[in-house]
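To start, the structure under review is shown below, and the notes come after it.
The values are calculated or read from the model by the stated rules, or taken from the named source; none is laboratory data. Small disclaimer: the values here were computed from a predicted structure and weren't measured. Positions of Cβ are backbone-derived with ideal geometry, glycine not excepted, and every protein chain shown enters the neighbour counts.
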Amino acid sequence: MKPGRILVAVDASPLSLAALEAAARLGDRFGAVVDGLYVEDINLAKLAEQPEGTLISVLHARRHADPHLLITQALRLQVTQARRSFEATLGGRQPAGSFMVRRGQVVSEMLVAAAQADLVVLGWHGAAPSDRARLGSVARALAERCPRPLLMLGRRDGEALRLAVLAGDTPAIAIATALGGEAPLLRLGRLTEAGPQHLLVTSLAEGLDATPGSLLLVPEA
Amino acid sequence: MEDLAPQEPPPLAAAALYRRCDPALLPFASTAELTPLDEPLGQERAVAAIHFAIGMPSAGFNLFALGPEGTGKVSLIRSYLERAAATQPAADDWVYVFNFEDPHRPRTLRLPAGRGAELRRTMEHLVDDLRLAVPAAFEAEEYRTRRQLLEEGFKEQQENVFRTVQQRAAGRSIALMRTPVGLALAPTRNGEVLSPDDFKAMPEGQQAAFKADMEELQKELETRLAELPQAARDARRKTRELDRETALAAVRHSIDEMKRLWADLPAVLAYLEAVQTDVVDNLGDFLDHDHGHEAEAGDEPEGLRLGRAEKRPLRRYRVNVLVSVGTGTGLGAPVIHVDHPTQPNLVGRIEHLAQQGALITDFNLIKPGALHLANGGYLVAEARKLLLNPFAWEDLKRALQAREIRIESPGQSLGLFPTVTLEPEPIPLDVKVVLIGDPMLYYLLAAHDPEFTELFKVSADFDWRMDRTAEHELGLARLVAGLGQREGLRPLDAAAVARLVEHASRLAEDGDKLSTHLASLADLVREANYWAGEDTAPVVTSRHLQQAIDQHDFRQNRVRQNVLEEITRGTLLIDTDGEAVGQVNGLVVMELGRFSFGRPSRITCRVNLGRGDVVDIEREVELGGPIHSKGVMILSSFLSARFAQDWPLNLSAHLVFEQSYGEVEGDSASSAELYCLLSALAELPIRQGFAVTGSVNQYGQVQAIGGVNEKIEGFFDVCRARGLTGRQGVLIPAANVKHLMLRHDVVEAAAQGRFSIHAVATIDQGIALLTGLPAGEVDGRSAYPAGSVNRRVAARLAQFSRKTRAFHDEGPHRGHNHG
């Protein structure tokens, strides 16, 4: 299986930039179209309009004086940065993809968009990628419901991973092998904790530096 | 003082011209029979001073060895110092280590001899150990688990705040959401934030309840969030404590082992304690993988190593061994001879390396100077070189006064370069300094540098000559025997040694003395050995020695030959026969490096009516030195005192060295000038077969001069080239007779009556010899006898006086009109 269309979630956070980069490389490797998706959380959008809403600074442990303006500006800034990142990374490449902005519930919008793609790539902030139960709510929902292979680029938590050469014929290995293209050697980690639907990826292939500790999830056949 | 009676002195006997050394009186047939002399010869005073300086422990009793070069000062001092040093304990080792409290002031550690290198080695092993032990401790599962627990604990605390408030909010249909700019609370319905219109559509009571709930939740959130920074700080502190605890456990074992090794040295223990604290405080240095190359750094050039200095903080745990047994000193107290005593070579230096346009340094780049190496022993340096090198003399004095070595660059001393650099802790100094120099330097320093005499209280005054006693003659032979053994030279037979003794007298310019210029004598023996080798002779004979002297002379005498040639060809006007008024052969010595020779120089004098001036033409054209001018002024005094008691001197006399185009210095020609002046005044011719040397005082006494042998030989060579007539000779001061060690051909000619040397004590003796007339002694009526030289001089001066008086009485115009 070779992905012809890749969807990457972009929100301008450092990990989403890493996801964008990984998606670009995968796109180059497979000649796939890469589309970017920014989901504007409907609740945040409403919050920006709700005069009764309250915004509290985590840094200062204090209420912001003008929360509506601040949230509005922050959301606008986020979408602008996401678009710039997408264009900086994928602008001008062929085949050209598109950058989409959707408003709604993040998970449901992602799932809708994912239906049009062969592979979904996103960054996620979880600390223990082998433990699906500890994933964030969005990541967990996507991991459970995404109809397409899902590559989640995690953050390294300082743990030294034991390396092994991939062997076997589970669906996850099959998709991982496909993602590796001609390079059959995928160095994977924590095989004992890897199930047929998810693998911990340390390196997708030579020259592709997906963040070690990433999780590749493959829906059950 | 009464003028002395004139007596025409007879020629000196040949035996007076040269003091022979009789080989038959030497108590050996060949130097092969002799025990080499390992004591210095003829330097008893200097040796006593050296012994005293070595034994005197008080400060300031450093030694200055003064004497001409070639007298064996350096080798003698070295041999005495090395002998003394061998019986003294080895000097301590000194190392520089990092100062953890003040990195710009590296600290010193004083260690027993030989342990400096051991400390460096054990510290290197310690760092190697720690580089493995520290990362291993931090990679251990126990550490990782404990750290994760701490981190997770804090995250859990954060989540709890969010979750608790979120749950409470959810119960009241209020959403707590994370936004890019903080946490937001908003009223919801069915999980979605209410729009403003929906909110307004609610009953007022419900709206008020929402607002009150949100207010309450907001306060709770603020309160809980405010507690998080403290929790974060607590978490970080606990993490740091865990790190320290882990590091200490990893470090302590290795450091304790080091401490056991250095238990006898409290200073090292304190240093190790500081190292332990620093390692624990700077764990990152041991956990950075870049440091993995440190292990191979030992073979790298310092420049390359320091080029990566920023990545190599472990350099601060190195030990810079500044001085250690084996650094160049060996066992016993060190004896260091500094050949090139620049300021850095003396007091040490801090080297710098250019890195990305900046000069950087650290304590590992501190280099020792000669004072460091000599600390606890002896330092030998040549005074002249020391004084020629900027700052070296001042820094040496400063170190001796302060009794510590402070490493400062010249720029630092002057405050020229206020860049950040190191100020290494000074090292206490206990050294005996021996300076070697010529006497003039010693006297100048003593006169002009008040600190000099405070710091160099002992002088070893090397004599350039010694008495020619049987003991010293034998000592010279034993020195030759030692030289022969050391250098594999042929032995000298007794006649050769005798010739060497005579040559040593000639070098000393005194038949009663021997030169202590052992370098020249040793070279002569080596050259004689060469000529004996050319002869395939088993021993060096007097012929070989003479050949060596002649060949040495020949190699250097080109200028002398040229001068002689120009005289014999008539280019340089010198008469060696006949008579002339107001003209005499003076004698000068020309020095060309270490070769000197004598040559005659014509001196003439013209007199006329004048104001009593004796004009030295050399002085007028600034070719005469002050001593020469002094000699000429003495002539005026002599003339006035002897002949102008009753009337003023009314003469003008002009004296000149003919065909002299260089500077004339010295007063050895003043007697010749006086003879010339008397001849011109008396209008009596001087025998040109004579040449004259000697200075004269105001009473007409002839005084000793230098270079008497060369001067006589110079005139002899000219006379011989033209043919010896038997009427030729040289007038020398009587006081110089003891200095005569003339060439064999001169002595031989004198013995045959073909050339004569006359010793004169007074001007009257000399003028009688030169003119053939008695000088004349003043009688009871203050008159000189008729026909004497002095009578004629007095008459001529009286005539000048009368003419002057007449001139003034009659006026110049009349004289002119009738002239």
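Of all the residues in segment B:44-100, those that are touching a Ser or Thr at 6+ places or on another chain (Cβ under 7 Å), modelled with pLDDT under 90 and in a helix (DSSP H, G or I) number 0. Scanning segment A:49-74 for residues that are more than 7 Å from chain B (Cβ to nearest Cβ), more than 19 Å from B:R224 (Cβ to Cβ) and either touching a His at 6+ places or on another chain (Cβ under 8 Å) or assigned to a loop (DSSP other than H, G, I, E, B) (or both) yields A:A65, A:D66.
Considering the conditions (1) surrounded by fewer than 14 Cβ atoms within 10 Å (Cβ to Cβ); (2) within 60 Å of the chain's Cα centre (by Cα); (3) small (G, A, S), B:G191 is excluded by exactly one of them, (2).
In segment B:115-130, the condition of being over 30 Å from A:L69 (Cα atoms), surrounded by fewer than 16 Cβ atoms within 10 Å (Cβ to Cβ) and either within 12 Å of chain A (Cβ to nearest Cβ) or aromatic (F, W, Y) (or both) is met by no residue.
The sole residue among B:E222, B:E257, B:E273 that is out of contact with any His (no Cβ under 7 Å at 6 or more places or on another chain), within 14 Å of chain A (Cβ to nearest Cβ), surrounded by 12 or more Cβ atoms within 10 Å (Cβ to Cβ) and part of a helix (DSSP H, G or I) is B:E222. A Cβ distance below 8 Å, combined with a sequence gap of six or more or placement on separate chains, defines the contacts here; from segment B:160-179, residues that are away from chain A (no Cβ under 12 Å) reach residues that are buried (at least 16 other Cβ atoms within 10 Å of the Cβ) and among the basic types (K, R) in the pairs B:T164/B:R224. When restricted to residues that are in contact (Cβ under 8 Å) with a residue 60 or more places away in the chain and under 12 Å from the mean Cα position of the chain (by Cα), segment B:370-381 contains 1.
Among all residues of segment A:9-16, there is none that is free of Cβ contacts under 8 Å to residues at least 12 places away in the same chain, of a type in the set (G, A, S) and away from chain B (no Cβ under 14 Å).
For segment B:764-772, the count of residues that are in a helix (DSSP H, G or I), within 23 Å of B:V696 (Cα to Cα) and acidic (D, E) is nonzero.
Could you tell me whether segment A:31-42 includes any residue that is within 14 Å of chain B (Cβ to nearest Cβ), part of a helix (DSSP H, G or I) and touching a residue at least 12 places away in the same chain (Cβ under 8 Å)? Yes, segment A:31-42 contains a residue that is within 14 Å of chain B (Cβ to nearest Cβ), part of a helix (DSSP H, G or I) and touching a residue at least 12 places away in the same chain (Cβ under 8 Å). Just one of (1) touching a strand residue (DSSP E or B) at 6+ places or on another chain (Cβ under 6 Å); (2) of a type outside the set (F, W, Y); (3) modelled with pLDDT under 90 fails for B:R465. It is (3). Segment B:650-754 holds helices (runs of 4 or more DSSP H) entirely within its bounds, and those carrying 3 or more residues that are closer than 30 Å to B:S801 by Cα map to B:670-682. Checked against the criteria, B:R237 counts as modelled with pLDDT of 90 or more, more than 30 Å from B:D93 (Cβ to Cβ) and of a type in the set (K, R).
Scanning segment B:180-200 for residues that are within 8 Å of chain A (Cβ to nearest Cβ), assigned to a helix (DSSP H, G or I) and touching a strand residue (DSSP E or B) at 6+ places or on another chain (Cβ under 9 Å) returns a single hit, B:F199. Taking the numbered list (1) over 24 Å from B:L770 (Cβ atoms); (2) crowded, with 19+ Cβ neighbours inside 10 Å in turn, B:R569 passes all entries but (2). Restricting to segment B:489-504, and then to whatever is touching a residue at least 60 places away in the same chain (Cβ under 8 Å) and of a type in the set (G, A, S), can you tell me which residue is surrounded by the fewest Cβ atoms within 10 Å (Cβ to Cβ)? Only one residue tops the list, namely B:A495. Annotation for segment B:195-216: no member residue is within 18 Å of A:H60 (Cβ to Cβ), in contact with a helix residue (DSSP H, G or I) (Cβ under 7 Å, 6 or more places away or on another chain) and buried (at least 16 other Cβ atoms within 10 Å of the Cβ). Give the number of residues within segment B:23-43 that are modelled with pLDDT of 90 or more and on the phi > 0 side of the Ramachandran plot. Qualifying residue count for the region: 0.
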